[in-house]
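Contents: one structure, followed by commentary.
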Amino acid sequence: MLKIVFIIVGIYREENAGAIARAMKTMGIESLRLVSPKCNHTGSKALSTAHGSRDILEKASVFDNLEAAIKDLDLIIGTTAKKRSVHEDYHWVDDLSSIILDKDDSISTAGIVFGREESGLTNQELSICHLVSTIPMYSNYPSLNLGQAAMVYATFLSKITLNCKRKTRKEIEDVELPVIRDKANQILTDVGIDPEGILYPRIMERLMLLKKDDINLFHSFCKFYLKKYHKRVK
């Protein structure tokens with residue numbers, strides 16, 4: 001079954017931790033990861049706000065940095081309220097469920113990364129996300145707070161949790177999207193495309209939008225290429 005994970009970086013307020021847990025529980029998202037939290041996520045204010053969702057908070061995993069929190073996830077989507085220069089495309093929250101479901105069994109986990117209450121995610125943190133998403137708003141100010149933003153994302157992503165609940169999905173053994181990233185990196189390196197340049201991240205970003213059939217097609221191309229030029233069979 002496809003698993004959705006919420007990752008919160010540098011959360012300051014217990015009440016927001018509780019609100020996020022409540023939003024997740026209501027919409028069928030069960031996995032919460034916290035990166036360098038600045039508050040007690042199982043404190044009295046958090047548990048009071050969670051209202052029946054304390055199990056989400058009590059099971060939450062805590063990490064020292066974002067890299068450690070996402071290293072086992074197949075697709076990582078950062079969130080931001082304002083345009084940054086680290087990604088070309090910014091996907092509206094209502095498009096995320098289709099983007100993720102179109103991957104079918106090429107992924108087994110997808111992480112949604114939220115930033116700090118006051119400043120959000122840094123450019124460096126956004127740069128290690130595969131895609132970036134935003135909530136379209138009539139006005140930039142006042143913006144949604146962290147708990148409200150999590151509720152909006154959880155609501156739209158419930159299309160995925162409901163889809164998984166309605167039908168039994170086969171167990172995913174070999175996810176393909178991380179393999180595609182590895183093979184694409186090898187090919188781009190071979191042709192001399194600089195990972196620090198403009199083109200490399202743009203290509204990798206677009207690869208993350210491929211649907212299942214396109215992933216299979218690109219995977220087949222990679223196998224032919226790597227077998228011919230690197231004698232790799234996998």
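So that you can scan it fast, the table gives a plain yes or no per residue for (1) assigned to a helix (DSSP H, G or I); (2) under 11 Å from the mean Cα position of the chain (by Cα):
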residue: Val86; (1), (2): no, no
residue: Asp89; (1), (2): no, no
residue: Ser97; (1), (2): yes, no
residue: Ala110; (1), (2): no, yes
residue: Glu118; (1), (2): no, no
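Give me the helices (runs of 4 or more DSSP H) completely within segment 10-77, filtered to those with at least 3 residues that are closer than 30 Å to Glu205 by Cα, in contact (Cβ under 8 Å) with a residue 24 or more places away in the chain and touching a helix residue (DSSP H, G or I) at 6+ places or on another chain (Cβ under 6 Å), ordered by residue number.
Details: elements: 14-26, 44-50, 54-58, 66-70.
Qualifying helices (runs of 4 or more DSSP H): 14-26.
Just to be sure before I move on: is Leu210 in a loop (DSSP other than H, G, I, E, B) and surrounded by 15 or more Cβ atoms within 10 Å (Cβ to Cβ) in the structure I sent?
Details: in a loop (DSSP other than H, G, I, E, B): yes; surrounded by 15 or more Cβ atoms within 10 Å (Cβ to Cβ): yes.
Spelling it out, Leu210 is indeed in a loop (DSSP other than H, G, I, E, B) and surrounded by 15 or more Cβ atoms within 10 Å (Cβ to Cβ).
Listed residues Asn185, Asn163; which is modelled with pLDDT of 90 or more and either crowded, with 16+ Cβ neighbours inside 10 Å or under 20 Å from Leu73 (Cβ atoms) (or both)? Explain how you work it out, then say what you get.
Working: Asn163 fails: modelled with pLDDT of 90 or more.
When all the criteria are applied, what remains is Asn185.
Restricting to segment 131-160, what's the tally of residues that are modelled with pLDDT under 90 and touching a Lys or Arg at 6+ places or on another chain (Cβ under 8 Å)? Looking only at that region, the number is 1. Has segment 127-141 got at least one residue that is buried (at least 21 other Cβ atoms within 10 Å of the Cβ), out of contact with any strand residue (DSSP E or B) (no Cβ under 7 Å at 6 or more places or on another chain) and assigned by TED's automatic domain parsing to the domain that holds Ala21? So far as segment 127-141 goes, no, none of its residues is buried (at least 21 other Cβ atoms within 10 Å of the Cβ), out of contact with any strand residue (DSSP E or B) (no Cβ under 7 Å at 6 or more places or on another chain) and assigned by TED's automatic domain parsing to the domain that holds Ala21.
Inside segment 172-194, can you point out the residues that are over 23 Å from Asp102 (Cα atoms) and either small (Gly, Ala, Ser) or in contact with a Ser or Thr (Cβ under 8 Å, 6 or more places away or on another chain) (or both)?
Filtering segment 172-194 for residues over 23 Å from Asp102 (Cα atoms) gives 186-194.
Correct list: Gly192 only.
Applying the selection to segment 67-83, what residues are farther than 18 Å from Thr155 by Cβ and either acidic (Asp, Glu) or surrounded by 16 or more Cβ atoms within 10 Å (Cβ to Cβ) (or both)? Write out each step before concluding.
Initial filter on segment 67-83 (farther than 18 Å from Thr155 by Cβ): 67-76, 78, 80, 82-83.
Across segment 67-83, the qualifying residues are Glu67, Ala69, Ile70, Asp72, Leu73, Asp74, Leu75, Ile76, Gly78, Thr80.
The values are calculated or read from the model by the stated rules, or taken from the named source; none is laboratory data. Nothing here was measured: the structure is a model prediction, and the numbers come from that model. Glycine also receives a Cβ, built like all others from the backbone with ideal geometry; neighbour counts cover every protein chain displayed.
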